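Asks: My questions will all concern the structure given below.
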There are 2 protein chains.
Amino acid sequence: MVDVSVTPSRPTAGLDEVRELAQQLRVDSIRCSTEAGSGHPTSSMSAADLLAVLIARHLRYDWEHPAEPANDHLIFSKGHASPLLYAVYKAVGVISDEELMTRYRRLHSRLEGHPTPALPWVDVATGSLGQGLPDGVGIALAGKYLDELPFRVWVLCGDSEMAEGSMWEALDKASYYHLSNLVAIVDVNRLGQRGPTELSWDLDAYARRVGAFGARPLPVDGHDVTAIDAALGDAGSMTGDGPTVVLARTRKGRGFSEVEDREDWHGKPLPPEMAERALIELGGERHLTLRGPVPEPSGRPWRPDRGSAQVALPRYELGARVATRKAYGQTLAALGERRDVVAMDGEVSNSTFAEDFAKVHPERFFEMFIAEQQLVAAAVGFSVRGYVPFASTFAAFFTRAHDFLRMAAISHANIRLAGSHAGVEIGADGPSQMALEDLAMHRAVQGSTVLYPSDATSTAALVQAMADQDGVVYVRTTRGAYPVLYDSSETFTIGGSKVLRASAGDQVTLIGAGVTLHECLAAADALRRDGIAARVIDLYSIKPLDVQTVIAAAQDTGRFVLVEDHHPEGGLASAVLEGLAGVGPLELSVATLAVRELPGSGTTRELLGAAGIAAPQIADAARSLIRAVTDEAAG
Amino acid sequence: MVDVSVTPSRPTAGLDEVRELAQQLRVDSIRCSTEAGSGHPTSSMSAADLLAVLIARHLRYDWEHPAEPANDHLIFSKGHASPLLYAVYKAVGVISDEELMTRYRRLHSRLEGHPTPALPWVDVATGSLGQGLPDGVGIALAGKYLDELPFRVWVLCGDSEMAEGSMWEALDKASYYHLSNLVAIVDVNRLGQRGPTELSWDLDAYARRVGAFGARPLPVDGHDVTAIDAALGDAGSMTGDGPTVVLARTRKGRGFSEVEDREDWHGKPLPPEMAERALIELGGERHLTLRGPVPEPSGRPWRPDRGSAQVALPRYELGARVATRKAYGQTLAALGERRDVVAMDGEVSNSTFAEDFAKVHPERFFEMFIAEQQLVAAAVGFSVRGYVPFASTFAAFFTRAHDFLRMAAISHANIRLAGSHAGVEIGADGPSQMALEDLAMHRAVQGSTVLYPSDATSTAALVQAMADQDGVVYVRTTRGAYPVLYDSSETFTIGGSKVLRASAGDQVTLIGAGVTLHECLAAADALRRDGIAARVIDLYSIKPLDVQTVIAAAQDTGRFVLVEDHHPEGGLASAVLEGLAGVGPLELSVATLAVRELPGSGTTRELLGAAGIAAPQIADAARSLIRAVTDEAAG
């Protein structure tokens, strides 16, 4: 049972002991949720036998050293079974019964309603279904192709979440990449939140689906400890060519006759008097402490070595026309000298220019095809293993992964995203390809960073900065080639900005980023010919915002024209207005230019004009602001 | 070949004529994209034989009457093959060769880079892959269960997009609902944008997958017109128990030897001199006009009858504690008296209270299980058929469908969404279940409406208003039960607001919505005890915003406390600040209270307090604003 590479810390538990452990996990799932007054005991009880066998006899994990790189991974994709997970942590002796009973679902507790990495043994936050398995694919990719360590990734899945398309993206990629180190254990308990699942207990149907997707199905009676033990031993053998899916037929609420396999018991703690009867039926409280095998220590630190290579950023000539997406690719390729940098793309690497990385570092590039949820989840998985992942696709298509971005923030994942082809600037392809809501989406992610450089030099500097920035970090790049504005000696910092035009007599400030900055510069030139001095700010860091520069401009000029290739809600203008909100009353007139109507096809120039965000309209807006005050003074 | 229910408008085209037509479709795909200087001719050429057979001999469509409810539907899920679609429109005589050659991808043209309903024969905008088939599921659901008309939904899919999980959500639901009226035609041309697809020409692998998902696979040589004809005849027979997937092995760029089955020709028009050679190889220009069968007219209007039943809204007693999610369900059930109202839910109808509708109108309720992309796509499909769809799930999980919301706006779909369990208010379940970015997401959708009522009475009124509101319309509901604030005689309009506290001497305005409005009211009471008069605005319509009321409050009180159970970016505060941006300088001090840190578990009261959005903190923020000005005056 114990692999040769494993150091048994004690004799492997026998199956009778495992059966006792399973009952303990059930009892503790009930106890903690009843005490908390909320939680999902029945969804925990169905999987208790599976987890008891797994942790006692198969999971290789040094519980004293969760940062040991050789440890297996255990992910609860069905995050609502948190009582079971925390009962497991008690059973292996890393949390106390007291913590379980008094802290579950409490304020400032690490035993949250759904698991988060507030606990050192949790890799990723779960609770939005269909994410744990895709995240596990990323971890398994790192293990097989980069770490080259024999750890396994065990993912407990619910049957309801098999309806999420992301689960099939995950199995597809797991088989494409031959991830024999990935084991999904599906707790087929037949009942979802409000009633039966689509496929009920039809294990054959599940087996056909996972088999067709290139995984090895292992159907098993999820309450037969002997059968489970055989199945997990087989699943964890890493002998196959792809992932294994253990399909466990189980009964929700297993072990307590009043709720077992009954509807209307999802997500409900047992009332105290029922819990008492349940404990009697389950044989009462137990306080076994029991650990399974421990892996051979890897002798490595958790974070992969970044290597000693120096990163030489690409340099661009002032005035040369270079697309920021191209600068992204070239910078990423240069960053690839760091051995901890990995990249992945959604089958558009010749558009995002992630291909520049792929060409020089093919061993650290992962093609995720057109599956943006799995694309982001893979990045999260690499982040779990300490890598510095960059994921790219068209900016519009990251909306596909919004829920994964939201959860990545809760997971404290450090992932970098590059979205190309933003806004109406892209031209003829039309609105389906135009990101016009991406800034709003990425800004609203907790703890995120949002960058939108306007030229190749600033792109290179900011993409380099992204590598060492924590959280969910996004850079928006542009399709077309625009003049390089900055010499390579300029510095760019996350949270900074650049004032490109300024004088003591500035009457208005034009603020743009990306393509609209170039329009602002042209508008400032036009205004100057009218004798109007305009300040121009390159707001390349949309979040965090350089509030000081913005405030100074407001105080100095009293007029803002905010211009963005984005819908008017939640983007650059909102960032500026939110940033100024706490400052106190300002004598400030503001015009906001954004894409208000549904755009169509056309040339870039036509579409910028049609949306009202081109230089002439910026200059007009500035003139109107100046005229309004003049009129008022005259009136 | 022609079904008995079909009126042939002319003799069915023979296969030789179909072969000529296919060459014409290729030639026209090349001509229009070369002339436009952009587009995807090679992705069109692979599917030309499929479409020629389909439109000449199988698609039942009255091209003069696109609003005939008995018409089949034709959706290009691979929207980038727009040259082929528009070549089809020329071939059936609804657009001219001149329009095709001069308007494709031009400004203000209806022949956009990817199809949109700017054209009367296009049901839904496509171009973000993996959406046309899920949309088609919604249309097929309407056809089978509500319209009870024998139309078929034909969806041309790309092989690359089979990597999107949403395609498998679609097939899963299509088989669950026995949609034998749905036919997917997968153009397996082996090449994606940047190289080979995952499964290449492995039709067996595709067949196993679609078969396992309950669809009937029909592999076919996609360039053998006779074989295609047989396959489409079989596929369209509606005899099976579920959907059919025609798996067509094709060659990208088929018919022009210089590009056929070659990489690096994705999304590139042929240069003029190559296009000339291609036309010679393809036998030159043709201008066939050729239509297939026409369905027996249904004798009905496009929009389903709403019936004559009066909707009696639920009424609530002032002060009674009612959750707005409960009011949503009760109102939806009442609205169900209208026969055009349909509802669907993501397997949480006992939480969103969509179950109240399901109980009284089970025939118009569709369980979509945990598949939020398909949930929204189904709503889009029902909208195509003229129904009034309401889709519900936890507010957080609509982020899963962000790309579908974005595309729904481009599709001019009229869909209503209800997201429950918003914000930290939900309590112990923790951040994975808390929508804290939904207002930002929904606001940034083009032409959207975003509502966030605070009590049951306003919820009922606004949910009723949603039924007749166009576009993507969202209502955010709250988990907990809070006092009814309004008598049922009050009116609530989209774009309105309610001033709940006001006096001539108001020193500050507190603006909230949903749970924070109740906190604002409590704060106003506390301030009154300090002798401070506070105005309180119920900002139930976040978009469109009641700018006049907000401006008046700014002018009257000079101080705003904006409070939201949402991240600080893009939500209620942003809406107010954006709304005021164009007004001109205002003497206004603003405090914004929002959820800035990552929340955990806890009680509602604890979490509102921890986030700093509870009544005491609102009152403190108001006092600080007042003190700041007083200090300044004293200083």
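Asks: Of the conditions (1) more than 7 Å from every other protein chain (Cβ to nearest Cβ); (2) more than 19 Å from B:G214 (Cα to Cα), B:H114 fails just one. Which one is it?
Replies: The number of the failed condition is (1).
Asks: Let me ask something additional. Considering only the range B:567-579, state which residues are within 8 Å of chain A (Cβ to nearest Cβ) and in contact (Cβ under 8 Å) with a residue 40 or more places away in the chain.
Replies: B:H567, B:E569, B:G570, B:G571, B:S574, B:A575
Asks: How about the range A:331-421: which helices (runs of 4 or more DSSP H) wholly inside it have at least 1 residues that are more than 30 Å from A:L607 (Cβ to Cβ) and at the interface with another protein chain (Cβ under 10 Å from one of its Cβ atoms)?
Replies: It comes to A:355-360, A:372-384, A:402-410.
Asks: Give A:L133, A:L146 a once-over and let me know the one that is touching a residue at least 12 places away in the same chain (Cβ under 8 Å), within 14 Å of another protein chain (Cβ to nearest Cβ) and assigned to a helix (DSSP H, G or I).
Replies: Criteria check complete, one pass: A:L133.
Asks: Same structure again: Check A:S128, A:S166, A:S175 and return the single one that is at pLDDT 95 or above, among the polar types (S, T, N, Q), open to solvent by less than 10 Å² (accessible area, probe 1.4 Å) and in a helix (DSSP H, G or I).
Replies: A:S166
Asks: State the number of residues belonging to the range A:174-204 that are hydrophobic (A, V, I, L, M, F, W, C), under 25 Å from A:G138 (Cβ atoms) and within 13 Å of chain B (Cβ to nearest Cβ).
Replies: Within the range A:174-204, residues that are hydrophobic (A, V, I, L, M, F, W, C), under 25 Å from A:G138 (Cβ atoms) and within 13 Å of chain B (Cβ to nearest Cβ) number 1.
Asks: Please go through the range B:85-119 and pick out each residue that is without any contact (Cβ under 8 Å) to a residue 24 or more places away in the chain, closer than 20 Å to A:A611 by Cα and of a type in the set (G, A, S).
Replies: The answer is B:S109, B:A118.
Asks: Continuing with this model, one more query. Which of the residues that make up the range B:85-101 are part of a helix (DSSP H, G or I), over 14 Å from B:P120 (Cβ atoms) and open to solvent by 10 Å² or more (accessible area, probe 1.4 Å)?
Replies: Correct list: B:K90, B:D97, B:E98, B:M101.
Asks: Across the range B:458-485, which residue is farthest from the other protein chains (Cβ to nearest Cβ) among those that are of a type outside the set (G, A, S), over 18 Å from B:S392 (Cα atoms) and open to solvent by 10 Å² or more (accessible area, probe 1.4 Å)?
Replies: The qualifying residue farthest from the other protein chains (Cβ to nearest Cβ) is B:L485.
Asks: So A:M167 ticks every box in (1) touching a helix residue (DSSP H, G or I) at 6+ places or on another chain (Cβ under 7 Å); (2) over 18 Å from B:E198 (Cα atoms); (3) within 14 Å of another protein chain (Cβ to nearest Cβ) but one. Which box is left unticked?
Replies: (2)
Asks: Can you pull out the residues in the range A:541-557 that are more than 13 Å from chain B (Cβ to nearest Cβ), crowded, with 18+ Cβ neighbours inside 10 Å and over 27 Å from the mean Cα position of the chain (by Cα)?
Replies: A:T549, A:V550, A:A553
Asks: For the range B:178-216, give me the residue count where each residue is open to solvent by 10 Å² or more (accessible area, probe 1.4 Å), of a type in the set (G, A, S) and out of contact with any Gly (no Cβ under 9 Å at 6 or more places or on another chain).
Replies: 3
Asks: Scanning for something within 10 Å of the chain's Cα centre (by Cα) and under 27 Å from B:L191 (Cβ atoms), does the range A:393-407 turn up at least one residue?
Replies: Within the range A:393-407, one or more residues are within 10 Å of the chain's Cα centre (by Cα) and under 27 Å from B:L191 (Cβ atoms).
Asks: Condition test on A:G138, is it on the phi > 0 side of the Ramachandran plot, more than 12 Å from chain B (Cβ to nearest Cβ) and touching a residue at least 24 places away in the same chain (Cβ under 8 Å)?
Replies: Taking the combined requirement at face value, the residue does not satisfy it.
Asks: What residue, among those in the range A:265-294 that are part of a helix (DSSP H, G or I) and touching a residue at least 12 places away in the same chain (Cβ under 8 Å), is surrounded by the fewest Cβ atoms within 10 Å (Cβ to Cβ)?
Replies: Going through the qualifying residues, I end up with A:P272.
Asks: Another one. (1) open to solvent by 30 Å² or more (accessible area, probe 1.4 Å); (2) closer than 25 Å to A:A174 by Cα; (3) in contact with a helix residue (DSSP H, G or I) (Cβ under 9 Å, 6 or more places away or on another chain); (4) without any contact (Cβ under 8 Å) to a residue 60 or more places away in the chain: which one isn't true of A:D345, the others all being true?
Replies: Condition not satisfied by A:D345: (1).
Asks: Which pairs have Cβ atoms under 8 Å, sit 6 or more apart or on different chains, and link a residue in the range A:580-596 that is within 7 Å of chain B (Cβ to nearest Cβ) to one that is among the hydrophobic types (A, V, I, L, M, F, W, C) and part of a loop (DSSP other than H, G, I, E, B)?
Replies: Close Cβ pairs satisfying both conditions: A:P585/B:L586; A:P585/B:L588.
Asks: On to the next question. Filter the range B:149-163 for residues that are of a type outside the set (D, E, K, R) and away from every other protein chain (no Cβ under 14 Å); which is surrounded by the most Cβ atoms within 10 Å (Cβ to Cβ)?
Replies: Only one residue fits best here, namely B:V153.
Asks: Whether any residue in the range B:498-505 is at pLDDT 95 or above, surrounded by fewer than 22 Cβ atoms within 10 Å (Cβ to Cβ) and of a type in the set (S, T, Y) is what I want to check.
Replies: Among the residues of the range B:498-505, at least one is at pLDDT 95 or above, surrounded by fewer than 22 Cβ atoms within 10 Å (Cβ to Cβ) and of a type in the set (S, T, Y), which makes the answer yes.
Asks: I would also like to ask the following. For the range B:211-265, give me the residue count where each residue is under 24 Å from A:R208 (Cβ atoms) and either among the basic types (K, R) or touching a strand residue (DSSP E or B) at 6+ places or on another chain (Cβ under 7 Å) (or both).
Replies: Number satisfying all stated conditions: 19.
Asks: Considering the range B:299-330 alone, what residues qualify as being assigned to a loop (DSSP other than H, G, I, E, B) and under 18 Å from B:L462 (Cα atoms)?
Replies: Listed by number, the residues that qualify are B:Q310, B:V311, B:A312, B:L313, B:P314, B:R315, B:Y316, B:E317, B:L318.
Asks: In this structure, is A:T630 within 19 Å of A:T509 (Cα to Cα), at pLDDT below 95 and out of contact with any Gly (no Cβ under 7 Å at 6 or more places or on another chain)?
Replies: Yes: the conditions hold for A:T630.
Asks: Output the number of the condition that B:V563 fails; it satisfies all remaining conditions of (1) touching a residue at least 12 places away in the same chain (Cβ under 8 Å); (2) surrounded by fewer than 24 Cβ atoms within 10 Å (Cβ to Cβ); (3) more than 30 Å from A:T102 (Cα to Cα); (4) within 13 Å of chain A (Cβ to nearest Cβ).
Replies: (2)
Asks: Would you please name the residue that is farthest from the other protein chains (Cβ to nearest Cβ), looking only at residues in the range B:102-111 that are among the basic types (K, R) and either assigned to a loop (DSSP other than H, G, I, E, B) or surrounded by fewer than 18 Cβ atoms within 10 Å (Cβ to Cβ) (or both)?
Replies: This residue is B:R110.
Asks: Based on this model, can you work out whether A:R26 counts as among the basic types (K, R), at pLDDT 95 or above and open to solvent by less than 10 Å² (accessible area, probe 1.4 Å)?
Replies: Yes: the conditions hold for A:R26.
Asks: Those residues that are open to solvent by less than 30 Å² (accessible area, probe 1.4 Å), at pLDDT 95 or above and over 16 Å from A:E578 (Cβ atoms), I need them from the range B:579-611; list them, please.
Replies: Scanning the range B:579-611 gives B:P599, B:G600, B:S601, B:G602, B:L607, B:L608, B:G609, B:A611.
Asks: Here's another thing I want to ask about it. Taking B:S82 as the residue in question, decide whether it is open to solvent by less than 10 Å² (accessible area, probe 1.4 Å), touching a residue at least 60 places away in the same chain (Cβ under 8 Å) and not aromatic (F, W, Y).
Replies: No.
The values are calculated or read from the model by the stated rules, or taken from the named source; none is laboratory data. All values derive from a computational prediction rather than experimental measurement. Counting neighbours? That spans all protein chains shown, and the Cβs are built from the backbone with ideal geometry, glycine included. Accessible surface areas use protein heavy atoms only, side chains included; no ligands, DNA or RNA. Shrake-Rupley method; radii C 1.70, N 1.55, O 1.52, S 1.80 Å.
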